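Since the structure comes first, as structure tokens, the remarks are kept for the end.
The values are calculated or read from the model by the stated rules, or taken from the named source; none is laboratory data. Here the structure is a predicted model, which means the values were calculated and not measured. Methodologically, a virtual Cβ is constructed for each residue, glycine included, from the backbone with ideal geometry; neighbour enumeration extends over all protein chains shown.
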Ligand code: NAD
């Protein structure tokens, strides 16, 4: 008997099928959990559609208060959620604890936002108001790297704006999302929130469903393209948060010993499985050897272990498919660069790969041009910063990027010319619910967080009165 249930129409229910979820640190079965059928997905969408009229008419203050209750309920069980997150996702317990704390903070902040009516004109001949209306049923599709936090990127804003929602976690990390469903079943009216799980087989049905008004998707660019195509038939609203290949450009005025820990942390958090991780580092010739050595030292010192083990800094890759994918990047690194730290898988069960630093590698290789989404970092030498910027911008992706320099004016100039949604100066991977977040080019469409993110869960609605 499974400890997990789907949430459909206010009821916690078994799936029509079951599936196994594995602990990536041991490769053992962690839990057997429900797997929804197509009929259950349809029932979830129908329940959300039925719940929409009453939910959208409730005063926003009531919707906000329920989101506050969700944050309180999560906070009360934070330790339990963090532990389960490490077991299903693999990240060290400290990172899981931070993910749950961030989730709570995102829910709390996002639920304070407002949908205000603006009077655009109030003259002799007409009065024009700009209002915002909810869209209807939102489909939220979640990846496996931050299975709890990414729910909190979408659900609070969708519900606050008056929409109802069907959430679909990734097949390899459904457990924490289902546990969130248990909390939400006690707080929200029936049908307002629904959670269904799958084996990568229900996403397309959700994105093409005629009763779904909007899809908020986070995942790979490859799947994002399919989502966009499938949403076309009913002109669904879309937010796509997709892959990235973030470049860090390190100028010669930087002290490698000081900058290396920040670069290392932003590249290897969650074993490199972060959309906004540093995925390639361009370092000026004058400090190249020193920076490579400093990063290699940090990689050698890093403790790679089961995320529940005391002191673990880097856990396993989340799933076998990703582990195999990252091993192919290691092969490329061996063929096209010089591995100066790591380069091996760990001789134990679990999907462990040592943090790997690769030097003497350049653009035009798989490791530099593609998204590795794992703990293998290429360090590329440059002598002309304009050339480094051109190479950073040559990517089809544009999620984030960073400039590292002691010269503030120079850093701002380069940052202003970086083709990405976010550019950091002397740091990387810093974000918050009050800062709009979205990708340029093939890293995405639309934005999340802040008022701009809330607006994406609404339709503009103009009321124009004759006077
Ligand atoms: P993925 O694209 O394989 O899967 C993401 C989700 O889409 C899963 O829930 C999956 O079941 C679902 N899905 C699969 N096929 C589908 C289809 N045809 N239609 C609709 N949904 C479908 O991505 P992943 O491997 O889980 O996540 C890693 C990727 O996500 C990386 O590329 C990473 O950069 C990206 N990512 C982006 C952000 C961001 O905010 N930009 C955040 C986290 C991860």
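Structure values in brief
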{"read-out": "Test: residue in segment 218-233 that is over 22 Å from the mean Cα position of the chain (by Cα) and within 15 Å of the ligand (Cβ to nearest atom)", "value": "yes"}
{"read-out": "Segment 178-189 - residue that is part of a loop (DSSP other than H, G, I, E, B) and buried (at least 16 other Cβ atoms within 10 Å of the Cβ) and, of those, farthest from the ligand (Cβ to nearest atom)", "value": "187"}
{"read-out": "Entirely in segment 250-343, the helices (runs of 4 or more DSSP H) that have 2 or more residues that are over 25 Å from residue 407 (Cβ atoms)", "value": "288-301, 320-336"}
{"read-out": "Elements of type strands (runs of 3 or more DSSP E) in segment 1-111, at least 2 residues being more than 23 Å from the chain's Cα centre (by Cα)", "value": "11-13, 17-22, 29-35"}
{"read-out": "Total residues in segment 275-287, condition surrounded by fewer than 22 Cβ atoms within 10 Å (Cβ to Cβ) and touching a residue at least 60 places away in the same chain (Cβ under 8 Å)", "value": "2"}
{"read-out": "Residues (in contact (Cβ under 8 Å) with a residue 24 or more places away in the chain and either assigned to a helix (DSSP H, G or I) or more than 6 Å from the ligand (Cβ to nearest atom) (or both)) located in segment 234-244", "value": "234, 236, 237, 238, 239, 240"}
{"read-out": "In segment 202-215, residue farthest from the ligand (Cβ to nearest atom) [restricted to those that are in contact with a strand residue (DSSP E or B) (Cβ under 9 Å, 6 or more places away or on another chain) and more than 14 Å from residue 137 (Cα to Cα)]", "value": "202"}
{"read-out": "Any hit, segment 151-161, residues being touching a strand residue (DSSP E or B) at 6+ places or on another chain (Cβ under 6 Å), buried (at least 23 other Cβ atoms within 10 Å of the Cβ) and in a loop (DSSP other than H, G, I, E, B)", "value": "yes"}
{"read-out": "Which numbered condition residue 384 misses (of (1) crowded, with 17+ Cβ neighbours inside 10 Å; (2) away from the ligand (no atom under 16 Å from the Cβ); (3) farther than 30 Å from residue 155 by Cα)", "value": "(1)"}
{"read-out": "Residue match in segment 111-125 (condition: at pLDDT 95 or above and buried (at least 24 other Cβ atoms within 10 Å of the Cβ))", "value": "no"}
{"read-out": "Subset tally (residues that are under 19 Å from residue 309 (Cα atoms) and either more than 16 Å from the ligand (Cβ to nearest atom) or out of contact with any helix residue (DSSP H, G or I) (no Cβ under 9 Å at 6 or more places or on another chain) (or both)) for segment 320-359", "value": "10"}
{"read-out": "Segment 15-24, subset surrounded by 16 or more Cβ atoms within 10 Å (Cβ to Cβ) and touching a strand residue (DSSP E or B) at 6+ places or on another chain (Cβ under 7 Å), residue farthest from residue 317 (Cα to Cα)", "value": "15"}
{"read-out": "Number of the condition not met by residue 291 [criteria: (1) surrounded by fewer than 24 Cβ atoms within 10 Å (Cβ to Cβ); (2) more than 14 Å from the ligand (Cβ to nearest atom)]", "value": "(1)"}
